[in-house]
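Visitor: Just passing along the structure, written as structure tokens.
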Amino acid sequence: MIQYTRHLVFTLICSITIVYAAIAQDPYENIIQINGVTMTADSLRAVPNVVVMVKNKNRGVESSEKGVFSIVVYKGDTLQFSEIGFRLKEYVVPKDIKGHYFSMIQLMVQDTFYLPETIIKPLPSREQFDYAFKHWNIPDDKYEIARRNTNALMLRALAYSLPRDGRENQAAYQQIQSQNAVYYGQQKPTNLFNPIAWAEFFEAWKRGDFRKKNKF
């Protein structure tokens, strides 16, 4: 019994020692340092100022003027290489890599950006500037277009000229049905001898409500 107990205690101590050693050495075993250079894929020229980031860890470095960089990462991390004018590249550090130091060459592929052409010409005299300021037709920007489209008169004209949608037609039809239901079985009143109705008619005539409207 005593021998069995000693064997059990010895096994327990060995297990704890192994687990403790594994925990203590695991962070250092997974850390590696990568020294590399970023170059163009077609001409093998150095690409400076490339941002090398560890994905999802908000940590990284920037390559030098000669494209050289050095970064410390964990095994299994993903490196992202980004630079203006080049396509985004990613590199996954192998988890089974041996040692703590690793060198690499990252090739960057150029990307094409099409930008609108801008021509800037100086105005040689003040008279030409005054003439351009008065007579040149400069197209409106987005703010001016939005301001013009939301003008009260423009919205009123659109509301008056645009056809009704399904919801508005349904509401108008239901209103007519409700008015007809009020006088169901009897004669509807007429405004032929109503002075107020005649006054409203003359006012509408003066405003031009009965004129033929131009279609937009």
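Visitor: Search the range 113-129 for residues that are under 30 Å from residue 83 (Cβ atoms) and pair each with any residue that is at pLDDT 75 or above when their beta-carbon atoms are under 8 Å apart and the residues are at least 6 apart or on different chains.
Guide: Every condition considered, the pairs that remain are 113/85.
Visitor: Return the pairs, sorted by first residue and then second, in which the second residue is modelled with pLDDT under 80 and of a type in the set (Phe, Trp, Tyr), the first residue lies in the range 142-164 and is surrounded by 11 or more Cβ atoms within 10 Å (Cβ to Cβ), the beta carbons are less than 8 Å apart, and the residues are 6+ apart or on different chains.
Guide: From residues that are surrounded by 11 or more Cβ atoms within 10 Å (Cβ to Cβ), the pairs are 157/216; 161/216.
Visitor: Evaluate the following for residue 90: is it assigned by TED's automatic domain parsing to the domain that holds residue 32, outside any loop (DSSP other than H, G, I, E, B) and not aliphatic (A, V, I, L, M)?
Guide: Working: assigned by TED's automatic domain parsing to the domain that holds residue 32: yes; outside any loop (DSSP other than H, G, I, E, B): yes; not aliphatic (A, V, I, L, M): yes.
When the stated conditions are applied, residue 90 passes them.
Visitor: Now for a separate question. Is there any pair with a first residue in the range 49-61 that is closer than 12 Å to residue 71 by Cβ and loosely packed, with under 14 Cβ neighbours inside 10 Å and a second that is of a type outside the set (Asp, Glu) and modelled with pLDDT of 95 or more whose Cβ atoms are under 6 Å apart and which are 6 or more apart or on different chains, and what are they?
Guide: From the range 49-61, no pairs qualify.
Visitor: Do we have residue 2 as under 27 Å from the mean Cα position of the chain (by Cα), loosely packed, with under 15 Cβ neighbours inside 10 Å and modelled with pLDDT under 90 here? Full working, then the answer.
Guide: On the way: under 27 Å from the mean Cα position of the chain (by Cα): no; loosely packed, with under 15 Cβ neighbours inside 10 Å: yes; modelled with pLDDT under 90: yes.
In short, no.
The values are calculated or read from the model by the stated rules, or taken from the named source; none is laboratory data. Because the structure is predicted, anything quoted here is derived from the model rather than measured. Note: ideal-geometry Cβ built from the backbone for every residue, glycine included; neighbour counts use all protein chains shown.
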